[in-house]
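The values are calculated or read from the model by the stated rules, or taken from the named source; none is laboratory data. From a predicted model like this one, the values you see are computed outputs, not experimental measurements. Note that each Cβ is placed from the backbone with ideal geometry, even for glycine, and that neighbours are counted across all protein chains shown. To get the accessible areas, we keep the full protein, side chains included, count just its heavy atoms, and leave off ligands, DNA and RNA. Shrake-Rupley method; radii C 1.70, N 1.55, O 1.52, S 1.80 Å.
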Amino acid sequence: MKRWLALFAAACFAAMLFTGCPGPAKTEEGPVTITIWHDKEEEVAAALQAELDKLAPDIVVKLERKDGLTEALKMVGNDPKAAPDMYFFAHDKLGVYAEMGILAPITDFVDASVLEAYLPMTIEAAAYKGEVYQLPLYFETLLYMYNRRYMSDEEVPKTTEALYRYMQDTTKGGHYGFVEQHSTAYYSAGWIHAFGGYIINEAGQPGLDSPETIAALEYHKKFVEYMPSEGEYATVNTLFREGKAHSTIGGPWLVPAARESGIDLGLAPMPVVDETGRAIAPYSGVQGLHVLKVAAEKKHDAIARVLRQLTGDEIGIAIAQASGCAPAKESCYTAPAVAQDDMVMAMYQTAQNAVPMPNIPEMDVMWTVAENLLADINMSGKDVTESAKAAQEKALGLIASMK
């Protein structure tokens with residue numbers, strides 16, 4: 001009997017190490033219902049629901065689509081009558097909710113060693129002030145795309161100077177060698193990161209007037225001269241879809257529309273900036289599960305089982321097949337269904353240099369400040385250094401007013 005008890009205790013201890021929580025997987029009485037808010041497309045939600053249905057009947061997971069999810073979470077906070085148990089969303093707002101005190105760390109439910117199997121970039125995105133608040137499922141990055149009608153695979157520029165020469169040679173007669181949303185912070189950030197600059201760092205300090213950011217903006221400006229002056233989403237994407245732009249940097253959401261337009265679409269690594277030896281490094285957005293603290297206190301073991309169910313490769317592969325999203329787990333990329341998807345693999349390659357969008361609350365004020373700076377430089381022809389210093393002062397003032 002003593003030997004049996006010792007073996008049982010050892011097994012329980014091993015379970016604790018894996019799940020990061022004590023005791024059996026479920027201690028709540030009867031079936032436990034877990035409500036998850038999300039704003040995802042039907043294909044992604046269906047893949048997630050199918051995976052979590054495997055927990056029934058002990059745990060019943062209900063996915064509820066919630067428009068305006070970010071504001072809804074701010075409203076309900078820790079209200080047990082109104083708040084969901086979990087939510088499925090991008091990582092960039094988790095700092096706001098962590099500061100509100102409504103999130104529970106994922107490592108309260110899943111042992112930290114389990115997260116070692118994920119792409120480092122995705123765990124970096126999921127962390128805030130030393131705690132991991134998201135279980136990543138998939139991510140998105142911008143992609144370098146080209147139209148094989150005009151640019152063969154062998155002609156794809158490997159460096160930005162090669163791209164610049166291509167733009168000089170082909171931008172004429174209503175055609176553009178390369179276009180992008182040049183005065184949108186989300187797109188320009190990749191050029192800034194390639195120079196070692198940043199819009200804002202994890203400490204909440206803006207970097208708009210740093211020597212590295214100024215150098216990036218000065219360098220990028222010569223490329224902008226060969227693009228449409230406005231650089232808006234509709235203009236850039238229409239030019240590419242209609243075959244009037246030979247290449248672009250765009251999101252994966254552009255890929256289906258480009259292919260439907262009949263474009264023989266090519267995807268390639270981001271060009272390397274000759275001045276720095278670094279590739280253009282765009283922002284990445286990481287999507288995953290977050291746990292509300294009010295639910296963690298009442299449904300701890302059920303939530304641990306939900307999260308553990310989602311640490312397998314199956315869900316990443318299923319979502320990749322359903323919607324072309326790039327899995328957060330490294331091991332998913334050995335699956336044929338993932339490895340054979342050129343768009344997913346292109347995002348995987350870009351992820352090696354991508355920078356997670358800042359998840360700190362201060363980033364909320366930086367989008368507008370950065371885009372006003374880009375408009376001043378790229379569209380109004382103002383001096384880069386003077387504009388950057390003015391933008392930095394504006395950013396510092398807005399951040400100070402938040403505290």
Checklist outcome for this item: Here, K129 and K158, labelled 7 Å along Cα→Cβ, have an inter-label distance in nm of 4.6 nm
Next on the checklist: Charges on Cβ only, +1 for Lys and Arg, -1 for Asp and Glu, centred on the Cα centroid of region 189-289; of I214, T276, G231, which one is farthest towards the dipole's positive end?
Outcome noted: G231
Checklist entry - Using 1/(1 + (r/R0)^6) with R0 = 30 angstrom and r between the beta carbons of A400 and A257, what's the FRET efficiency to the nearest 0.05? => result 0.10
Checklist entry - Between the helical axis of 363-378 and the dominant principal axis of the chain, each derived from Cα atoms, what acute angle in degrees is found, rounded to the nearest 10? => result 10 degrees
Next on the checklist: Pairs of alpha-carbon atoms within less than 8 angstrom and 6+ residues apart define the contacts here; what relative contact order does region 249-403 have, in percent?
Outcome noted: 21 percent
Checklist entry - When only Cα pairs under 8 Å and 6 or more residues apart are kept, what is the percent relative contact order across the chain? => result 27 percent
Item to check | Ratio of the Cα radius of gyration of the chain to 2.2 N^0.38 Å, where N counts its residues | outcome: 1.08
Next on the checklist: If I model a spin label at A82 and A117 as a point 7 Å from the Cα along the Cα→Cβ vector, what separation in nanometres do I get?
Outcome noted: 3.8 nm
Checklist entry - Which of K81/K299; K74/K389; K172/K382; K54/K129 have a Cα-Cα distance over 22 Å? => result K74/K389; K172/K382; K54/K129
Checklist entry - For K382, K329, what's the largest-to-smallest order of accessible area, 1.4 Å probe? => result K382, K329
Item to check | In region 225-290, GluC sites (Glu not before Pro) in a DSSP loop with at most 15 other beta-carbon atoms within 10 Å | outcome: E225, E230, E232, E242, E275
Item to check | Sites M75 and E297 - FRET efficiency at Förster radius 22 Å, r taken between beta-carbons, to 0.05 | outcome: 0.65
Checklist outcome for this item: Yeah, region 208-301 with a ≥ b ≥ c from its alpha-carbon gyration tensor (a/c under 1.5 is rounded, else prolate when a/b outruns b/c, oblate otherwise) is oblate
Checklist outcome for this item: Highest mean packing first, using Cβ neighbours within 10 angstrom, the peptides 308-318, 33-43 sort as 308-318, 33-43
Checklist entry - Which of T385, I106, G177 sits farthest toward the positive end of the charge dipole of the chain, with +1 on the Cβ of Lys and Arg and -1 on the Cβ of Asp and Glu? => result I106
Item to check | Anchor K394: aspartates and glutamates whose Cα lies under 12 Å away (excluding residues fewer than 8 positions away in-chain) | outcome: D209
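Suppose every K and R has +1 on its Cβ and every D and E has -1 on its Cβ; what is the size of the dipole of the chain about the Cα centre, in Debye to the nearest 20?
I would put it at about 720 debye.
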Checklist entry - So for the pair K221, Q321, with labels modelled 7 Å out along Cα→Cβ, what separation do we get in nm? => result 5.2 nm
Checklist entry - So between D383 and R65, what do we pick up on full extension, going 0.36 nm a residue minus the alpha carbon distance? => result 109.9 nm
Next on the checklist: Can you find, among G316, H300, P327, the residue sitting farthest towards the positive end of the charge dipole of region 291-332, where Lys and Arg contribute +1 and Asp and Glu -1 at Cβ?
Outcome noted: H300
Checklist outcome for this item: By the C-alpha gyration tensor axes a ≥ b ≥ c (rounded if a/c is under 1.5, else prolate when a/b exceeds b/c, else oblate), the shape of region 256-306 is oblate
